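A short write-up of the structure that comes next.
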Amino acid sequence: MSEESFRKIKPLGKGGFAETYLVEVVDEAIQKEFGVSECVIKIPLDSFKEIALAHEIEMISIVHQQFKSVKSYNIVRYLGFTSFEGKIVMAMEYARGGSLRDRIGEIDYQRRLPLIEALDITEQVLEALVLIHNENIIHRDIKPENIMFDEGAVKVCDLGIARFLRAEELAFTRTGSLLYMPPEIHQNKGATFTSDIWSVGVCLYEMLTGELPFVGRNVRETDISALIQAICQAQLKEARALCPDIPNDISAVISRALQRDPARRFQSAAEMLRVLRLYRQVSEDPIVMEILSIREQMGIPGQTAAVEARLRRLMGLFPDDIRIYKHLGELYNRCQRYPDAIAALKKGIELAPEDADLYWNLFLSYHKNRQPRNAQTAFAKATQLGLDASLQRYGEMLLQAPAND
């Protein structure tokens, strides 16, 4: 044992590829290389997997380097390959907070998570996938067992492990990988980056409903072929139909991620992440969607009175929100009601005296209203507060020319 690089501390789990152990790094050279005194090692279950792993290292060394280059707050750090107990093993950092499976419970006995917690976990998984996919690596095995927690961070693990599994092993492991695999893998059509999107959708559905899409509960009592058939053919019961407290927008995000046609899913992790972040922004800010709608209406001829009424209503509800005064100023400038624009923008400046955009719009109002001294003062203040360089150049041009209505 003294000649080994590691000393086992405790078993962490067993999957279709390997047994996982928390170990102490006792070899000083390995400890220096990995930069840790403890880590997780995956020991292949049989000689086939060890041969596959060795072949992968030998024949596709670039992938080995990719694994090591993918570094992120949201990815369990891959440390490298070495030997232990006569086998080639894979080493990675230890995430001390357990897995998402620990948090939601075993299949058929899952607990629902609060919406904000589920979205936060999903966003961090997607952030990890953005980096993984940028390295042209498909994870292939996103599931609660491979979503870990460590000091407040969500971390994806088993990066690339699925490439070492036979197809039938991916479809049937103790932890149930088949339940998170998209139809194209079950149907032997091959995995794509959107295959990982499907798996994220399954996890989000499970976190919010306490069930798995297409197969529901009683999974452990169901024949494997029936489960695969359901995943490939059964109609999806939308998350909101199962749990009415799930917002429509989030239910729609899940349904899009779970489209059987990969072309109809989100086409990248970044795209799905943007949509979820927009929802979070809107849900945490009660007037974002109203402002977006108002901006669209501002571009429609003959809608000035209706837009003004909507902004005035918002002002009554949110009198301290400077965005309302910015948009009122813009609206009045568009319809040449410059005194009204000046009054609205000055009110906004009272609330936010360090806002460069407010001073920029005030400059435009003064310039159009032929008040050059006031225009110069407002422009100077906007520039001092950090006006965009292109707007600064445009403002300087305007100051050299007479106002034009």
- Among rounded, prolate and oblate, which fits segment 71-162 when a ≥ b ≥ c are the square roots of the eigenvalues of its C-alpha gyration tensor, a/c under 1.5 means rounded, and a/b larger than b/c means prolate? prolate
- Message: Could you tell me the calculated FRET efficiency between residue 96 and residue 343, based on Cβ-Cβ distance and R0 = 60 angstrom, to the nearest 0.05?
- Response: 0.55
- Note on the structure: Classified through the alpha carbon gyration tensor (a ≥ b ≥ c as square roots of its eigenvalues; rounded if a/c is under 1.5, else prolate when a/b is larger than b/c, else oblate), segment 335-405 comes out oblate
- By what distance, in whole Å, do the Cα atoms of the chain stretch along each of the three principal axes, largest value first? 86, 51, 33
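Contact order normalised by length for the chain, with contacts defined as Cα pairs under 8 Å and 6 or more residues apart; what percent is it? It would help to have the intermediate numbers written out before the result.
Details: 579 pairs, mean separation 40.2, N = 405.
Relative contact order here is 10 percent.
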- Query: Residue separation times 0.36 nm, minus the C-alpha to C-alpha distance between residue 45 and residue 296: what's the value?
  - Reply: 84.4 nm
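Divide by every residue of the chain the summed helix terms, -39500 (n - 2.57) for each DSSP H run of at least 4, and state the resulting mean residue ellipticity at 222 nm, rounded to the nearest 500 deg cm²/dmol.
On the way: 19 runs with 209 residues, N = 405.
Here the helix-only value at 222 nm equals -15500 deg cm²/dmol.
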- Message: Checking the a/c ratio against 1.5 first, then a/b against b/c, what shape does the Cα gyration tensor give for segment 100-284?
- Response: rounded
- Message: Projecting each Cα onto the charge dipole of segment 94-154 (Lys/Arg +1, Asp/Glu -1 at the beta carbon, about the Cα centre), which of 118, 154, 137 comes out farthest on the positive side?
- Response: 118
- Mean projected area (nm²) from the convex hull of Cα positions in segment 187-295 is 8.1 nm²
- Note to self: C-alpha centroids of segment 180-257 and segment 271-341 sit apart, in Å, by 38 Å
- Item | Choice from 131, 358, 242 showing the highest fluctuation, given a GNM over the chain with Cα pairs closer than 10 Å | 358
- Message: I want to verify a result. In a Gaussian network model of the chain, Cα cutoff 10 Å, which of these has the top mean-square fluctuation: 264, 373, 220?
- Response: 373
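With r defined as the distance between the Cβ atoms of residue 281 and residue 334 and R0 fixed at 35 Å, what FRET efficiency is calculated, to the nearest 0.05? Display every interim value, and only then the final one.
Details: r = 26 Å, r/R0 = 0.75.
Computed FRET efficiency for residue 281 and residue 334 comes out at 0.85.
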- Karplus 3J(HN,Hα) series, Hz, for segment 144-157 with 6.51 cos²θ - 1.76 cosθ + 1.60 (x for Gly, Pro): x, 5, 9, 10, 10, 10, 8, 6, x, 9, 9, 10, 8, 10
- Item | Antiparallel bridge percentage (DSSP; both residues within the chain; nearest 5) | 95 percent
- Item | Dipole-positive endmost among 205, 5, 343 within the chain (Cβ charges, Cα centre) | 343
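With +1 on each Lys and Arg Cβ and -1 on each Asp and Glu Cβ, and nothing else charged, work out how big the dipole of the chain is about its Cα centre, in Debye to the nearest 20.
On the way: 49 positive and 56 negative charges, 284 e Å.
The calculation lands at about 1360 debye.
Indicate the helices, whole DSSP H runs only, in the chain that combine a mean Kyte-Doolittle hydropathy of 0.5 or more with a Cα extent along their long axis of 27 angstrom or more.
On the way: long enough: 115-134 (28 Å, 0.98).
Taking the DSSP H segments of the chain (at least 27 Å long, mean hydropathy at least 0.5), we get 115-134.
Treat every Asp and Glu Cβ in segment 101-147 as -1 and every Lys and Arg Cβ as +1, leave all other atoms uncharged, and give the resulting dipole magnitude about the Cα centre to the nearest 20 debye. If you can, show how the numbers build up before the last one.
On the way: 6 positive and 10 negative charges, 28 e Å.
The dipole of segment 101-147 has a size of about 140 debye.
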- Message: I want to check the label-to-label distance for residue 270 and residue 108. Put each point 7 Å from Cα in the C-beta direction and report it in nm to one decimal.
- Response: 4.3 nm
- Message: I want to check the label-to-label distance for residue 289 and residue 233. Put each point 7 Å from Cα in the C-beta direction and report it in nm to one decimal.
- Response: 3.8 nm
- Message: Which one, 266, 34, 193, has the greatest fluctuation when you compute a Gaussian network model over the chain with C-alpha springs under 10 angstrom?
- Response: 34
- Residues whose built amide H sits under 5 Å from the amide H of residue 89, excluding neighbours closer than 5 in sequence, are 82, 83, 84
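Here, each number is a calculation from the coordinates, and none is a lab measurement. Not measured: the values here are computed from a predicted model. FYI the Cβ positions are ideal-geometry reconstructions off the backbone, even for glycines, and counts take in every protein chain you see.
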